[in-house]
Amino acid sequence: MTTPTISRDRIKAIAQREAAAFLSARPRSAELAEQTEQHYLFGVPLHWMADWGTPVPLFVERAQGAHFTDVDGHQYADFCLGDTGAMFGHSPLPVAKKLAEAAFTGYTAMLPTADAAQAGHALTERFGLPFWQLATTATDANRFVVRWARAITKRKKILVFNGCYHGTIDDVFVDLDANNPSAPPATRASLLGQVYDLTQFTDVVEFNDIKAVRAKLASKEFACVLTEPALTNCGMVLPADGFLADLRNACDETDTLLVFDETHTISAGYAGYTGLCDFKPDMVVAGKAIAGGLPCAVYGMSAVIAQRMREAKESAPPGHSGIGTTLSGNMLTMALLATNLTEVATPKAFEHIINQQNKLSTGLRSIIKQHNLPWSVTQLGARSEFQFCPTSPKNGSEAEAAMDAELEQAIHLYLLNRGIMITPFHNMTLVCPDTRDEDIEHFLNVFNECLTELVTN
Ligand code: PMP
C-alpha cells in the first residue's frame with residue numbers, strides 16, 4: 001500500500017465546507033459574536049479565544065464533566081478541557097460543593113486558613129517536596145521560580161529548551177533558528193512590546209541533547225534549567241531514555257537548579273512526571289488544573305533550596321521582593337486546592353484517565369495505520385498528541401517541522417462539527433475522569449471518517 005497524498009486543494013475544500021457548516025448551525029454564537037465585537041478587542045475577553053480557526057467564536061452555554069453544550073444547543077465531548085485547566089473534568093463535584101460552601105465565608109484576607117495546612121500536606125505527600133508557595137497562574141509561578149533561582153544562585157542566566165512554553169514569562173521566549181542550526185538564539189519575533197534582548201540572560205538548546213546542555217552549563221553562569229519533563233507545547237516531545245537523569249546530573253555538577261514545570265505533564269500520573277523519576281527536581285511548578293480549573297498555581301522546593309531562599313530573603317534589604325501577587329493563596333483558592341488534591345485528583349482518577357487515554361491513543365494509531373499515513377501518536381499518561389511525522393519527534397525543531405496549520409484546522413473543524421473538541425494550535429487530546437468509552441468511540445469514528453475524506457482524491 002502506498003502512502004496516500006493529501007492534496008492542499010482537498011484540505012482547503014474540507015476546511016471551507018466545514019467552516020460554512022459551522023456557521024450555519026450556530027446562529028446564536030454568531031449573534032453573540034456581533035454583540036461582543038462591540039465591547040472586546042478582537043471580540044473576545046482574551047484575544048486567544050479568537051484563535052480557534054472557527055468563523056465566529058464558539059460560545060459555551062454550560063460545561064460538566066467531559067462534556068459541554070454550546071449556546072445553539074450542540075453537545076460536545078471535550079478533549080481539550082480548557083487546554084488542561086479542566087483535566088479533572090468541568091466543575092468536578094467535590095470542588096463545586098466546596099465552592100458553594102465557601103462562597104459565604106470570605107474570599108481573600110491576605111492571611112492563611114486551615115485549608116492551607118491541608119493543601120500543604122497534600123502537595124508534599126504528592127510530589128515529595130517539603131516546601132511550597134502559591135501563585136495565581138502557572139505563568140506567575142514560573143516567573144517567581146526564575147526570580148528565586150537567580151536570587152539564590154546569584155547567577156543571571158537561565159537555560160530553556162527550544163520550542164518550550166511556560167506561560168507569558170518573558171525570559172523563556174528565546175528560539176533556535178530551525179533553518180540554520182549554527183545561528184545564535186534569537187528573541188521570539190512575535191512577542192509584542194518586548195524591548196529587551198532576551199538572549200542576554202536566556203540561552204536555549206534542543207531537548208534531548210545532553211551534550212549541548214553540558215556545554216552550556218559548564219560555564220556555571222546558569223541559575224536554573226527550566227523545563228517541562230516532556231515538551232507539550234510544540235506538539236509533544238518525550239524525554240529520551242536517561243535524558244532527564246543526565247540532566248539532573250549535569251545540573252548537580254554545575255550547581256544549577258533543575259526546575260520541572262509540571263503544568264501539563266501532571267497528565268503523566270499522580271505526581272506528574274516527577275513521580276516517574278527516581279530523582280527529584282529542585283523545584284516543581286504546577287498550575288491550571290491543580291485547583292480544579294480555578295486560578296491557582298503552586299511551586300515546591302527541596303529543603304536545601306528552601307533554606308537558600310530563606311537566606312536570600314533575610315539578607316535582602318527590607319522592601320518588595322518582586323515575588324508574589326495580592327490574591328495568591330487566597331482563602332477561596334486554598335479551600336479549592338485542598339479539595340481538588342484530596343478528593344478529585346486521586347490515584348484512582350489517574351488510573352482511569354490514563355486507561356482511557358491508552359484506548360484513545362491505541363485507536364488513533366490504528367486508524368492512522370489503516371490509512372497508511374506517515375503520522376504518529378505520542379502519549380504521556382492522560383494526554384496524547386497526533387503529529388504529522390512518522391515517528392515521535394525528538395526535539396522542538398522536529399516537532400515544529402511536523403506542524404501543518406492548514407491541515408490541523410481542517411481536522412479540528414471536522415471534529416468540532418461532529419461533537420468532538422480538541423486543542424487548537426496543535427493536536428493535543430486530553431481525557432478527564434468523566435471521559436467515557438462512548439466519547440472515545442465517537443472520537444475515533446469521526447477521526448476515521450475525516451481521514452477517509454482527506455485521503456480520497
Ligand atoms: N507552563 C506550561 C507548561 C504551560 O503549558 C502553560 C500554559 N499553556 C503555562 C505554564 C502557563 O499557564 P497559564 O497560562 O495558566 O499561566
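The table for this structure:
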| item | result |
| --- | --- |
| Residue list for the stretch 27-61, restricted to those being within 22 Å of TYR76 (Cα to Cα) and of a type in the set (Val, Ile, Thr) | VAL44, THR54, VAL56, VAL60 |
| 3 or more residues closer than 29 Å to TYR273 by Cα: qualifying helices (runs of 4 or more DSSP H) within the stretch 12-127 | 93-102, 114-127 |
| Unique match (being crowded, with 17+ Cβ neighbours inside 10 Å and either among the hydroxyl-bearing types (Ser, Thr, Tyr) or within 13 Å of the ligand (Cβ to nearest atom) (or both)) among THR342, THR333 | THR333 |
| Some residue of the stretch 279-301 being away from the ligand (no atom under 16 Å from the Cβ) and either over 23 Å from the mean Cα position of the chain (by Cα) or not assigned by TED's automatic domain parsing to the domain that holds PHE161 (or both) | no |
| Candidate set: the stretch 87-117, residues that are within 17 Å of SER328 (Cα to Cα) and β-branched (Val, Ile, Thr); chosen: the one surrounded by the most Cβ atoms within 10 Å (Cβ to Cβ) | THR113 |
| Extreme residue, nearest to the ligand (Cβ to nearest atom), among residues of the stretch 166-180 that are over 27 Å from ALA122 (Cα atoms) and either touching a residue at least 40 places away in the same chain (Cβ under 8 Å) or in a helix (DSSP H, G or I) (or both) | VAL172 |
| Test set (1) touching a Leu at 6+ places or on another chain (Cβ under 8 Å); (2) within 16 Å of the ligand (Cβ to nearest atom) - ALA138 fails condition number | (1) |
| Residue under evaluation ASP278, criteria (1) in contact with a Ser or Thr (Cβ under 6 Å, 6 or more places away or on another chain); (2) among the acidic types (Asp, Glu); (3) surrounded by fewer than 24 Cβ atoms within 10 Å (Cβ to Cβ), criterion not met | (1) |
| Enumeration of residues in the stretch 306-339 that are among the β-branched types (Val, Ile, Thr) and closer than 21 Å to ALA117 by Cα | THR325, THR326, THR333, THR339 |
| ASN208 under 24 Å from PHE279 (Cα atoms) and either in a strand (DSSP E or B) or away from the ligand (no atom under 16 Å from the Cβ) (or both) | yes |
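The values are calculated or read from the model by the stated rules, or taken from the named source; none is laboratory data. Source: prediction; values computed, not measured. Don't worry about glycine lacking a Cβ; one is built from the backbone with ideal geometry, like all the others, and counts go over all protein chains shown.
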